[in-house]
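For reference, the structure is listed below as structure tokens.
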């Protein structure tokens, strides 16, 4: 009896491991270029020689996770990498687990990571022993704008109404984690417009932020959700939310949000704040290794699939690499450093 | 009615050979993933996402996005059923939502020697729970999801308080020991990164220069996972304790009858508990619809309610069938319901449905209300596949019961090393982290010691699983209400649930006091 059951279980265990490897590793067909150099050292290697870990700092299903998986799918479908690119979730500590994991893979080109603004806020507020600019920059793939959202039946018709109300009394607002991008933007509004301090109620993800507003959960009356997060509550017959304005220099020109006023035109002069959807690699890659990844992500950016994905999710197309991307990182690091200092986020 | 026409269309889609084939693949994989500890439904679905992209793209003739979602959802259904198998047979949770099955499932299988009955009861309750939830999904998805949006921090906190209230006194020969375990669980739950303040809590080695210590610190940011802890407490702890009690050569006295008799007995048990199973399924459905709270928390509430309804509270924790059927019906109903907000609102109801939703995005679909109008075939095909998937899983599970139950007759000395190995592999595979393995080993020893000292394990597990969410909702309520306690009663819903919780807490006290008075009265009569 034991033999039968034992073998059965070993078989199950084995088959699952097989499936796991087949699904993760076997997805991309081996390409002839995989066997370029026999055994290159870390410095001379210009192409990955084993599967690549595409590290994601959120849980499966979170914002960055969806973007990373979409990109990995495009890389796989168009055979842009000689080795499979495998999404790996390292959630925890608002990104600290993932950042540290990749940081410690110094000079290894098999580790790339998708980042958003927590790449700055988390490193600053948790006093991690490195900076965002220490990683090897690859490319920015899109900018995700912020809109100011209220309930569809809200008395506020424009950003001016909202600011007037915010000066009269503290408005309850919802956003993703504490001391992250949503709170950073609300604190900037508070600081710029001299409103009363917002009552900021942190949620677990962007989707639940929109849901919290739609249900007035705990008295929430406004959010700064991204266009894609608000979309399910804006479209269709059962409309629950509406955007008042966009924190962008220009109004959206295509899609369902066409013609939405900019916040700057309605009196809130903030038009330079986005969520970046950017790719970085482990620190200390050689220029050739960096160029390999820049080339891969340039091809992803140029693909029809990525164009459609950006369109579907109302992302601003924005490809940056090289010195341009490095300057962008430096500027955003400063923006977040200033907010963290001003609002005493670092203890 | 319009809805039946649409559902019929959905069945026509789901019954296409290619869709049935992938449904079968999905639920089978889900069952295997469910059985293996550590590798959960959430990561199982994530592993298959790349394959689903290929399917959704139409590379396979006849397959489309509906096929892809049927495959992924099928994994979820399989895992919802399969997770309990490891809990019942080996005392280690196969899935987060089968942790609560450790309380009564393993005792019924091992101490009472009825593994077949334990498994069959659990599968039966899963099936009924899922069926009721799917019917509600079919008929009222949009209406219920809209209502669920109003469920904010005060309401959620009230529900968690109710969960705790129903579980007070669990396994408590000594109330003080139960309280100590509850406190330990809450303390463990507090470790990690606190999202409300954005700071680290109870984490040692911050800023250490020594790399291994720094790695521990970084990995602790994700908190102490309750799955590695319960694998240790129950799986390893039980092995150590029973090895000492009975010696290694010990063999279980497992009843020889297998097969149909178990099914008949389980059906009889279900008939006696129909009210419990139906009401728990309804509650599971309502709980599952709430964004962000899936089957795991629901299963604990389901267990607590089962215990509340029961007259024989002292039998819980010793192999009571209500302690299997109650949580299992709730968990499966909540699992099905967690797809409701995904389809209707574009908000995932549970971690696993969050991954399925990521799939929708990657395939080029926009989850949310427009799915019903613009992708009607997709939605109704998915709904029909939930009926079919659960039916298929149920049959597969019933067929496997005799074989699974016979594992319990294997000599203990042979099966023990095997359980230890899958415990260790299981906790490693959670996050590919050695820290989780360390937790399993440490809590294995702790579990052994706690058993010797007669401390109840259940309160610790309850506090560890529910502690984080309860605290988060409490603090969100306090922030939203600017510290005013009246905010806990700001809606009718939260007030009603809070009062229910208070009643559940106070009733046993009243009963105890009355019992004591009566006994005092009897004693007084005696002296006459």
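The values are calculated or read from the model by the stated rules, or taken from the named source; none is laboratory data. None of these values were measured; they are calculated from a predicted model. As a convention, Cβ positions derive from the backbone with ideal geometry for all residues, glycine included, and neighbour counts pool all protein chains shown.
If I filter region B:443-450 for residues that are facing chain A (nearest Cβ under 9 Å), over 30 Å from residue B:16 (Cβ atoms) and without any contact (Cβ under 8 Å) to a residue 12 or more places away in the chain, do I get at least one hit? Among the residues of region B:443-450, not one is facing chain A (nearest Cβ under 9 Å), over 30 Å from residue B:16 (Cβ atoms) and without any contact (Cβ under 8 Å) to a residue 12 or more places away in the chain, which makes the answer no. Can you find even one residue in region B:406-413 that is buried (at least 20 other Cβ atoms within 10 Å of the Cβ), out of contact with any strand residue (DSSP E or B) (no Cβ under 6 Å at 6 or more places or on another chain) and more than 21 Å from residue B:243 (Cα to Cα)? The answer is no; no qualifying residue exists. The residue list A:99, A:119 contains one member that is farther than 20 Å from residue B:43 by Cα and in contact (Cβ under 8 Å) with a residue 60 or more places away in the chain, which is A:119. Restricting attention to region B:367-398, the residues that are within 14 Å of chain A (Cβ to nearest Cβ) and over 19 Å from residue B:55 (Cβ atoms) add up to 8. The set of residues in region B:267-278 that are crowded, with 18+ Cβ neighbours inside 10 Å, within 21 Å of the chain's Cα centre (by Cα) and over 15 Å from residue B:135 (Cβ atoms) comprises B:270, B:273, B:276. Entry remark, region B:57-94: residues being surrounded by 24 or more Cβ atoms within 10 Å (Cβ to Cβ) and either within 11 Å of chain A (Cβ to nearest Cβ) or assigned to a helix (DSSP H, G or I) (or both) number 24 in total. Residues that are touching a helix residue (DSSP H, G or I) at 6+ places or on another chain (Cβ under 6 Å) and more than 7 Å from every other protein chain (Cβ to nearest Cβ) were ranked within region B:187-200; the one that is nearest to residue A:93 (Cα to Cα) is B:189. With the requirement that a residue be within 11 Å of chain B (Cβ to nearest Cβ), in contact with a helix residue (DSSP H, G or I) (Cβ under 8 Å, 6 or more places away or on another chain) and assigned to a loop (DSSP other than H, G, I, E, B), what does region A:159-191 give you? Once the filter is applied, which keeps residues that are within 11 Å of chain B (Cβ to nearest Cβ), in contact with a helix residue (DSSP H, G or I) (Cβ under 8 Å, 6 or more places away or on another chain) and assigned to a loop (DSSP other than H, G, I, E, B), region A:159-191 yields A:176, A:177, A:179, A:180.
Taken over region B:333-364, residues that are more than 9 Å from chain A (Cβ to nearest Cβ) and in a loop (DSSP other than H, G, I, E, B) amount to 3.
When residue B:528 is tested against the conditions (1) closer than 23 Å to residue A:178 by Cβ; (2) modelled with pLDDT under 75, the lone failure is (1). Being at pLDDT 90 or above, in contact with a strand residue (DSSP E or B) (Cβ under 7 Å, 6 or more places away or on another chain) and under 30 Å from residue B:194 (Cβ atoms) is true of residue A:55.
Screening residue B:51 with (1) closer than 30 Å to residue B:408 by Cα; (2) within 14 Å of chain A (Cβ to nearest Cβ) gives one miss only, at (1). Would you confirm whether any residue within region A:18-34 is facing chain B (nearest Cβ under 7 Å), under 24 Å from residue B:26 (Cβ atoms) and modelled with pLDDT of 75 or more? Checking region A:18-34: not a single residue is facing chain B (nearest Cβ under 7 Å), under 24 Å from residue B:26 (Cβ atoms) and modelled with pLDDT of 75 or more.
Within region A:105-127, restricting attention to residues that are at the interface with another protein chain (Cβ under 9 Å from one of its Cβ atoms) and touching a helix residue (DSSP H, G or I) at 6+ places or on another chain (Cβ under 8 Å), the residue that is modelled with the lowest pLDDT is A:126. Beta carbons closer than 7 Å, at least 6 apart along the sequence or on distinct chains, pair a first residue in region B:37-59 that is touching a residue at least 12 places away in the same chain (Cβ under 8 Å) with a second that is surrounded by 24 or more Cβ atoms within 10 Å (Cβ to Cβ) and assigned to a loop (DSSP other than H, G, I, E, B) for B:37/B:92; B:37/B:93; B:37/B:94; B:40/B:95; B:41/B:95; B:42/A:60; B:46/A:60. All conditions but one from (1) at pLDDT 90 or above; (2) part of a loop (DSSP other than H, G, I, E, B) apply to residue B:297; the one that does not is (2). Can you pull out every residue in region B:14-43 that is buried (at least 21 other Cβ atoms within 10 Å of the Cβ) and more than 30 Å from residue B:425 (Cα to Cα)? Correct list: B:14, B:19. Taking residue B:50 as the residue in question, decide whether it is touching a strand residue (DSSP E or B) at 6+ places or on another chain (Cβ under 9 Å) and not in a loop (DSSP other than H, G, I, E, B). Judged against the criteria, residue B:50 is a match. For region A:204-239, enumerate the residues that are in a loop (DSSP other than H, G, I, E, B) and either within 8 Å of another protein chain (Cβ to nearest Cβ) or at positive phi (or both). Scanning region A:204-239 gives A:204, A:205, A:215, A:216, A:220, A:235, A:236, A:237, A:238.
From the list B:262, B:332, the lone residue that is over 27 Å from residue A:240 (Cα atoms) and at pLDDT 90 or above is B:332.
When residue A:254 is tested against (1) away from chain B (no Cβ under 14 Å); (2) outside any loop (DSSP other than H, G, I, E, B); (3) within 30 Å of residue A:77 (Cα to Cα), only condition (2) is not met.
Within this structure, residue A:160 fails the test of being buried (at least 24 other Cβ atoms within 10 Å of the Cβ) and either at pLDDT below 95 or more than 22 Å from residue A:277 (Cα to Cα) (or both).
From the list B:98, B:122, the one residue that fits, being under 25 Å from residue B:228 (Cβ atoms), surrounded by 24 or more Cβ atoms within 10 Å (Cβ to Cβ) and at pLDDT 95 or above, is B:122.
Scanning region A:72-84 for residues that are more than 10 Å from every other protein chain (Cβ to nearest Cβ) and in contact with a strand residue (DSSP E or B) (Cβ under 8 Å, 6 or more places away or on another chain) yields A:75, A:81, A:83.
Scanning region B:203-238 for residues that are over 30 Å from residue B:106 (Cα atoms), away from every other protein chain (no Cβ under 12 Å) and touching a helix residue (DSSP H, G or I) at 6+ places or on another chain (Cβ under 6 Å) gives a single hit, B:205. The single condition from (1) in contact (Cβ under 8 Å) with a residue 24 or more places away in the chain; (2) more than 19 Å from residue A:325 (Cβ to Cβ); (3) within 14 Å of another protein chain (Cβ to nearest Cβ); (4) within 23 Å of the chain's Cα centre (by Cα) that residue A:245 fails is (3).
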